[in-house]
Each structure stands twice: as C-alpha cells, then as structure tokens.
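Colleague: Got a structure for you, questions after.
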C-alpha cells in the first residue's frame with residue numbers, strides 16, 4: 001500500500017468521504033419554504049445499512065491502492081453502483097422515518113452529502129467502464145441496468161417520502177405533459193436544424209465565400225444570450241402572425257412554442273453546420289481524387305465516400321446540439337413554451353427548491369441519456385475501418 | 001492505344017501544357033518524366049478527364065475521349081496515385097471491387113476477380129481481404145491500389161508517381177512487382193515520375209517534359225546516348241552515365257556467339273551492368289553467356305562493354 005494505482009478513484013472516494021463527514025445527507029424542514037436542519041448520514045441510516053455502506057466504501061478504497069494492472073474494474077463498478085443505490089435507499093428510509101402525521105407540510109430533502117456521493121459513485125462507474133475498455137453497446141447496457149435499478153427503487157414506493165417525489169406526486173399529471181412538451185420542443189428544433197444545417201455545411205465546405213458568410217452570421221447568433229433572443233423574437237413574430245393569418249392559424253405568435261423553437265433552431269445551427277463542414281472538408285483529398293479517377297459520378301462520390309467518412313464528425317455535432325437544446329429548452333418556459341423549465345421557473349417564483357429540482361433533475365438526466373445514446377451511435381458509425 | 005495530339009491546357013492565362021503530342025502503343029510502358037511544374041501530372045489527368053484540356057485531341061483505343069461521359073471513360077482506365085487514396089471505410093476486398101461494382105458485375109465474378117488480383121499482387125487473400133487500409137503497410141496499400149486499378153481489367157493503366165511515397169526498399173520491391181504485372185497482363189501503361197532511374201528501369205519509352213512541352217521522346221538508350229537538351233542531360237545525372245547506359249543494354253547485344261569462356265555463365269538477358277559487376281567480382285575479363293534454354297552460347301569480354 002504505497003502508491004495508489006487509481007488516483008481518480010482515490011480522489012472521488014476522498015471527496016465523497018469528506019462530503020459525508022462535513023455536510024448533511026438529508027435536510028429536514030417543517031415546511032417546503034424554509035431551509036431545514038442538516039442531518040448527517042450516521043444519524044439517519046440504520047446500523048445494517050450503515051455497515052453495508054462502510055463495507056462498500058472499504059472495497060473501493062482498497063481497490064484504489066491496488067497496482068494499476070490488477071485493479072478489479074468490474075468489482076469497482078459493481079460496488080459503486082451498489083453504493084449509488086444504497087445511498088438512495090437510505091435517503092428514502094430516512095424520509096419515511098421522519099414523516100410526522102401531525103405535520104403534513106414537513107419536508108425531508110436530499111442534502112449535499114447525498115448529491116456528492118451519488119455524483120462520485122456515477123463518476124467511479126464511468127471511470128471503471130472506461131478503464132475496462134468496454135464496447136459501446138456494453139456501456140449502454142451498464143447505463144440501462146443502473147438507471148433501471150434506480151427506476152425500480154422509485155416505483156417500489158420506498159422513496160415516496162422524499163420531498164422531490166412528494167413534489168412529483170403533487171404535479172404528477174402536469175409532469176408527464178411538460179416532459180412530453182420538452183421532448184417535442186427539442187425534436188421540433190433538432191430536426192429542422194439538421195435538415196437546414198447539414199446541406200448548409202456541405203455547401204460551406206464546397207465554397208470558401210459562403211463558408212465565411214455563414215460562420216460570421218452563426219457565430220454572432222451564438223453569442224446572443226438565449227433569454228434575449230426569446231425576448232427579441234416576441235415583437236417580430238407577433239407582427240408576422242398579425243400580417244399572415246395562415247401562420248397565426250399554425251400557432252405562430254409572439255410567445256409560446258413558435259419563438260422558442262425558432263430560437264432553439266438558430267442556436268442548433270452552428271454546431272451542425274460547423275461539424276458538417278469540418279467532416280466533409282476533412283475527407284482526404286486523395287480519396288476523393290481516387291474516387292473520381294475510378295469513375296464514380298459526383299453523386300456517388302458524395303454518398304458513398306464523403307458522407308460515410310464525414311458521418312462520425314457530423315454525428316458529434318448532432319450530439320452537441322441535442323444536449324445543448326435539451327438544456328436551452330428549459331429556458332424556453334420563460335416565454336410560455338412549457339417544458340420542464342416550467343417547474344424551474346415556478347419553483348424560482350415560489351422559492352421552492354424541490355420544485356426547481358423537479359424541473360432540473362429530469363432535464364439533466366434527459367441530457368445525459370441523449371449524450372450516451374449519441375455517443376453509442378457515433379462509436380458504431382465510426383467503429384469500422386478508421387484509426388481511432 | 002493512347003494518342004495525344006497538340007494538347008494544350010491553360011490555367012489563368014498560363015500554358016501549363018503547351019502542345020503535347022504523344023503516342024503510346026498497345027502493351028507499351030511509357031514514362032512521363034520531368035521536374036515538378038513541368039505539366040506531366042496535368043497531361044496524365046487530361047487522359048481520364050480529371051482535368052479537361054483547353055484544346056487538342058486525345059484518343060484512347062482509337063476513340064475520342066470527349067465523346068464519352070467522363071465516368072464511363074474512367075471506368076475503362078485504371079488509375080493509381082502516389083497517395084494511394086484507398087477508401088478508409090472499406091475493406092481491402094471492397095476497395096478492389098470498386099469498379100466492378102460500378103459496372104454491376106455479378107457478385108461471384110467480383111469475388112473471383114478479387115482473389116485473382118490479390119494473388120497477382122502476392123497478398124494472401126485469407127489474410128488481407130477483410131483488412132482495412134489503416135491495417136496495411138505503405139507498400140501493401142500501394143499493392144491494393146494497383147489491384148483496385150486493375151480490377152475491371154482495363155486496357156490502360158495511368159499511374160501518377162505511383163512509387164513516390166515509398167521508402168527505397170519498398171520502392172525496389174514495387175518496381176519488381178510492376179515488371180511482373182506488366183509481364184503478366186501486357187497492359188498499356190503511362191506513368192508519371194520525377195525519378196530518371198525509375199523511368200529508365202521500367203519504361204519502354206520516355207517522354208521528357210519541361211515547361212509544358214515534350215523536349216525529348218525515345219527509348220531509354222536513345223535518351224542516355226543522345227540527351228536532346230541541357231535539361232535532359234541534367235535530369236539523367238551525369239555522374240554515372242556510363243553505368244546507366246550499360247544498365248539499359250543486354251548481354252545478348254554484345255556477346256560473341258560460339259566463343260568459349262571458363263566459369264559460371266551469365267544469362268544473355270542480363271544487363272551489361274550486371275556483366276561488368278560479375279567480372280569485377282570474379283577478377284576476370286571474360287564471362288561465358290548462356291541462352292534462354294540454359295546452354296552456353298558464347299562469351300562476352302570486358303572490351304565489348306566499352307565498345
């Protein structure tokens with residue numbers, strides 16, 4: 001036990017341990033508007049749960065000090081996943097135990113120690129998966145298993161006493177609607193952005209003059225704060241809807257989904273155009289020369305050579321856009337477009353942190369899921385024949 | 001097989017190729033040689049219309065190339081480039097099958113042809129057919145590039161500095177491969193190079209280009225014996241011109257039939273340079289010469305080499 005073999009694991013372990021020692025695992029408050037009293041892990045967990053927690057922690061710290069080539073990545077990943085689920089279960093049990101029938105407004109929220117432990121456990125899993133050089137499909141499977149287990153825990157009702165889930169229970173009906181709206185907003189922005197952006201990127205790769213113009217405009221768009229764009233679009237779109245009744249009939253108006261989707265498309269264009277241009281320009285000129293020399297028609301050169309070779313770079317752009325749009329769509333609730341952002345702004349207005357989390361946590365999880373799916377697609381698209 | 005007459009290419013008012021006329025006969029190997037910027041690559045690319053000529057006519061197999069759609073023309077002409085340009089997302093087999101697929105050959109015929117070509121290029125089909133280009137060495141990539149060019153059995157092969165990017169040892173191997181392929185397939189080959197030794201070794205005819213014009217056209221021996229201009233002279237490199245001349249002539253041309261000589265015999269098809277080397281090695285001024293059948297047919301003397 002001299003030099004730690006896995007410094008990442010050691011660091012994450014230390015951060016998690018420090019959080020547990022110094023901050024509350026859950027917070028108990030008489031109602032949802034006041035900030036509560038922090039309760040450390042050892043005061044809320046039962047002896048059995050605490051013992052298992054300590055055992056899993058011990059496994060991880062021992063693994064961190066093993067020689068790099070002998071670290072049991074699989075065992076580390078499993079231990080971290082169990083720790084992640086155990087922390088969730090402990091929090092749920094604590095909240096249930098703290099329920100007071102006389103005070104229905106009393107709330108048990110998740111504390112800093114909980115969030116830091118969950119984050120550290122997630123990063124340890126990711127690190128273990130990377131060190132094992134797990135294939136893209138296996139990686140997806142790991143994510144599905146872990147999130148499936150979390151889902152089961154939620155469905156079982158053991159977490160229902162936690163404030164965020166009580167908030168969810170209150171807003172159950174609207175949550176499904178807003179979640180669906182959020183996904184629709186993202187799709188309504190992503191599809192046109194790709195349909196417009198990819199051909200624009202190809203055109204920019206072909207003509208230097210066009211390239212400069214397009215990037216000048218899109219770079220400026222990217223620098224405008226999103227809130228400003230949403231606001232700035234109210235006047236022109238209202239005017240447009242007033243002039244052209246057909247558009248108004250389609251739902252175009254100064255506030256709501258139309259300006260939100262328009263703004264999201266504008267932001268999404270730059271990464272799509274930039275990556276498409278880079279992907280097409282990055283195809284080795286010798287390969288294109290050879291393709292022409294073999295007797296490919298220009299159309300065949302494009303579809304059989306340039307498109308497949310540019311695809312991983314283009315998909316990387318789509319991945320950035322997807323994650324970015326999922327986040328930005330939350331802001332669109334400001335102008336009445338709905339989506340998960342609605343809970344965030346409602347929560348901000350009421351100073352109800354749990355309501356904010358009800359909007360924020362699913363948004364983050366949605367972005368992470370989209371990122372993972374896109375990475376898997378990119379790895380599969382670029383998996384054959386290329387050096388990296 | 002390939003006829004260029006008075007071909008001109010102008011870029012932005014400058015005549016890159018300035019009235020080139022050139023004929024390559026069926027089954028011949030012709031080298032277009034010159035320094036960079038002499039217009040040799042442009043001349044080559046005008047034949048498969050990767051570059052469109054400004055004026056003049058080019059005929060391939062007697063047919064005016066302007067009469068055909070460029071894609072159709074190119075599928076009938078093999079094309080090999082210095083940087084190989086294999087399709088990185090396709091296997092060796094798929095790369096070689098490129099033109100047969102464009103021509104809609106039936107699958108079994110394509111598979112058969114790929115195996116045949118891998119054999120011709122001395123690449124084991126079982127080991128290499130499924131590999132991707134990045135898994136091959138530079139020399140292997142160029143072999144696949146040549147196999148791909150030969151796939152649809154074109155009459156003509158155009159090669160743009162095909163061995164320029166290879167290390168000297170691999171280049172030597174590919175020269176031998178080139179001779180072997182030409183021997184086997186009898187293709188009409190036009191290749192571009194800036195390496196005079198390569199041109200002298202591989203080509204039946206050389207066209208030396210300078211400033212967009214052909215300044216000398218002839219066999220290796222004609223070029224070596226009577227360089228037409230100072231430029232051709234410089235290109236040959238005068239330091240070892242005597243040895244280079246010996247390297248392009250065969251023992252058969254100078255041998256004395258019927259004369260006896262001691263020791264192991266040298267092949268009549270060997271070059272005079274080989275003969276000189278053998279004499280120095282053996283400390284002798286006479287070598288026995290054997291004919292194709294392996295019988296001693298005569299002798300060659302040191303004095304014959306300098307005659």
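Colleague: Among the candidates B:133, B:88, which residue alone is closer than 26 Å to residue A:282 by Cβ, within 14 Å of chain A (Cβ to nearest Cβ) and crowded, with 22+ Cβ neighbours inside 10 Å?
Modeller: B:133
Colleague: I've got another one for you. For segment A:148-167, enumerate the residues that are in contact (Cβ under 8 Å) with a residue 40 or more places away in the chain and in a helix (DSSP H, G or I).
Modeller: Listed by number, the residues that qualify are A:149, A:150, A:153, A:163, A:164, A:166, A:167.
Colleague: Does residue A:309 fit the bill of being within 11 Å of chain B (Cβ to nearest Cβ), part of a helix (DSSP H, G or I) and surrounded by 21 or more Cβ atoms within 10 Å (Cβ to Cβ)? Give the steps one after another, and end with the answer.
Modeller: On the way: within 11 Å of chain B (Cβ to nearest Cβ): yes; part of a helix (DSSP H, G or I): yes; surrounded by 21 or more Cβ atoms within 10 Å (Cβ to Cβ): yes.
Taking the combined requirement at face value, the residue satisfies it.
Colleague: For the subset of segment A:1-17 comprising residues that are out of contact with any helix residue (DSSP H, G or I) (no Cβ under 8 Å at 6 or more places or on another chain) and at pLDDT 90 or above, which member is farthest from residue A:124 (Cα to Cα)?
Modeller: Top of the filtered list is A:14.
Colleague: To continue, here is another question. Test residue B:164 against the criterion of being part of a loop (DSSP other than H, G, I, E, B) and surrounded by fewer than 22 Cβ atoms within 10 Å (Cβ to Cβ), and give yes or no.
Modeller: Here the answer is yes, as residue B:164 does meet what is asked.
Colleague: Which residues, counting only those in segment B:14-37, are in contact (Cβ under 8 Å) with a residue 12 or more places away in the chain, over 22 Å from residue B:178 (Cα atoms) and not in a strand (DSSP E or B)?
Modeller: Scanning segment B:14-37 gives B:35, B:36.
Colleague: Quick check on this structure: which one of B:160, B:155, B:124 is within 11 Å of the chain's Cα centre (by Cα) and on the phi < 0 side of the Ramachandran plot?
Modeller: Just one listed residue meets the conditions, B:160.
Colleague: Could you grab me the full set of residues in segment A:23-56 that are in contact with a strand residue (DSSP E or B) (Cβ under 8 Å, 6 or more places away or on another chain) and under 27 Å from residue A:77 (Cβ atoms)?
Modeller: A:23, A:25, A:26, A:44
Colleague: Considering every residue within segment B:11-19, establish whether at least one is modelled with pLDDT under 90 and either within 30 Å of residue A:312 (Cβ to Cβ) or within 14 Å of chain A (Cβ to nearest Cβ) (or both).
Modeller: Checked segment B:11-19: no residue is modelled with pLDDT under 90 and either within 30 Å of residue A:312 (Cβ to Cβ) or within 14 Å of chain A (Cβ to nearest Cβ) (or both).
Colleague: Let me ask something else. Confirm whether residue B:219 is within 29 Å of the chain's Cα centre (by Cα) and within 30 Å of residue B:18 (Cα to Cα).
Modeller: Taking the combined requirement at face value, the residue satisfies it.
Colleague: Looking at segment B:20-48 only, could you name the residues that are farther than 15 Å from residue B:190 by Cα and either surrounded by fewer than 22 Cβ atoms within 10 Å (Cβ to Cβ) or within 14 Å of chain A (Cβ to nearest Cβ) (or both)?
Modeller: Residues satisfying the conditions are B:35, B:36, B:37.
Colleague: Which pairs have Cβ atoms under 7 Å, sit 6 or more apart or on different chains, and link a residue in segment B:102-113 that is at positive phi to one that is surrounded by 10 or more Cβ atoms within 10 Å (Cβ to Cβ)?
Modeller: If the second residue must be surrounded by 10 or more Cβ atoms within 10 Å (Cβ to Cβ), no pairs are left.
Colleague: Follow-up. Just to be sure I understand, how many residues within segment B:226-248 are in contact with a helix residue (DSSP H, G or I) (Cβ under 7 Å, 6 or more places away or on another chain) and surrounded by fewer than 18 Cβ atoms within 10 Å (Cβ to Cβ)?
Modeller: 3
Colleague: Any idea which of B:69, B:100 is within 13 Å of another protein chain (Cβ to nearest Cβ) and touching a helix residue (DSSP H, G or I) at 6+ places or on another chain (Cβ under 9 Å)?
Modeller: From the options B:69, B:100, the qualifying one is B:100.
Colleague: Looking at (1) touching a residue at least 12 places away in the same chain (Cβ under 8 Å); (2) within 14 Å of chain B (Cβ to nearest Cβ); (3) surrounded by fewer than 24 Cβ atoms within 10 Å (Cβ to Cβ); (4) part of a helix (DSSP H, G or I), which is the only condition residue A:327 fails?
Modeller: (2)
Colleague: Based on this model, can you work out whether residue B:109 counts as surrounded by fewer than 17 Cβ atoms within 10 Å (Cβ to Cβ), more than 11 Å from chain A (Cβ to nearest Cβ) and assigned to a helix (DSSP H, G or I)?
Modeller: It is true that residue B:109 is surrounded by fewer than 17 Cβ atoms within 10 Å (Cβ to Cβ), more than 11 Å from chain A (Cβ to nearest Cβ) and assigned to a helix (DSSP H, G or I).
Colleague: Something else: Looking only at segment B:49-66, which residues are more than 24 Å from residue B:25 (Cβ to Cβ) and either touching a strand residue (DSSP E or B) at 6+ places or on another chain (Cβ under 7 Å) or within 8 Å of another protein chain (Cβ to nearest Cβ) (or both)?
Modeller: Passing the criteria: B:54, B:55.
Colleague: For segment A:189-203, give me the residue count where each residue is surrounded by fewer than 16 Cβ atoms within 10 Å (Cβ to Cβ), touching a residue at least 24 places away in the same chain (Cβ under 8 Å) and under 20 Å from the mean Cα position of the chain (by Cα).
Modeller: 0
Colleague: Has segment A:226-243 got at least one residue that is surrounded by fewer than 22 Cβ atoms within 10 Å (Cβ to Cβ), within 30 Å of residue A:310 (Cβ to Cβ) and touching a residue at least 40 places away in the same chain (Cβ under 8 Å)?
Modeller: Yes, segment A:226-243 contains a residue that is surrounded by fewer than 22 Cβ atoms within 10 Å (Cβ to Cβ), within 30 Å of residue A:310 (Cβ to Cβ) and touching a residue at least 40 places away in the same chain (Cβ under 8 Å).
Colleague: Looking at residue A:186, is it within 14 Å of chain B (Cβ to nearest Cβ), crowded, with 19+ Cβ neighbours inside 10 Å and either under 29 Å from the mean Cα position of the chain (by Cα) or farther than 30 Å from residue A:339 by Cα (or both)? Before the answer, list the steps.
Modeller: Numbers: within 14 Å of chain B (Cβ to nearest Cβ): no; crowded, with 19+ Cβ neighbours inside 10 Å: yes; either under 29 Å from the mean Cα position of the chain (by Cα) or farther than 30 Å from residue A:339 by Cα (or both): yes.
So residue A:186 does not fit the description; no.
The values are calculated or read from the model by the stated rules, or taken from the named source; none is laboratory data. All values reported here derive from a predicted model rather than from experimental measurement. Quick reminder, even Gly has a Cβ in these numbers, built from the backbone with ideal geometry, and neighbours come from all protein chains shown.
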